[in-house]
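FYI, it's all coordinate maths here, none of it is from the lab. Predicted, not measured: the structure shown is a model, and the values here were computed from it.
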Amino acid sequence: MKYIIRGLFETDGCLYFSRIYPGAMHTYPRLEIKTNSRVLVEQLVQILKSQAFVVHSRTSKSDSTVAVYLSGQAMLNKWANEIGFSSQKNKTKHALWKA
């Protein structure tokens, strides 16, 4: 299952960093997968929760997509250890964040 989720992430997901406080650096990690499929969202949420991930979802107001996302250092580390990254871009982002 982790390979399917990793593939979904590499095609329809992103790793980015946001601010927690105004004026702070963009250091708070978030992983997100966007899709139009509500069935896929329900399945992803169920699978990730069964693996003890703290997962959230939100519907976009501008289009019909739903984002499944994980936030914080613990979730990024858990993702990296249990699911991992395939693309060099995401591996590099993760490595730079850890440094």
What relative contact order, as a whole-number percentage, does the chain give when Cα pairs under 8 Å and 6 or more residues apart are counted?
-> 29 percent
Inter-centroid distance (Cα atoms) of region 32-46 relative to region 61-99, Å = 16 Å
State the label only: which of (1) 1.06; (2) 1.24; (3) 1.15 corresponds to Cα Rg over 2.2 N^0.38 Å computed from the shown model?
-> (1)
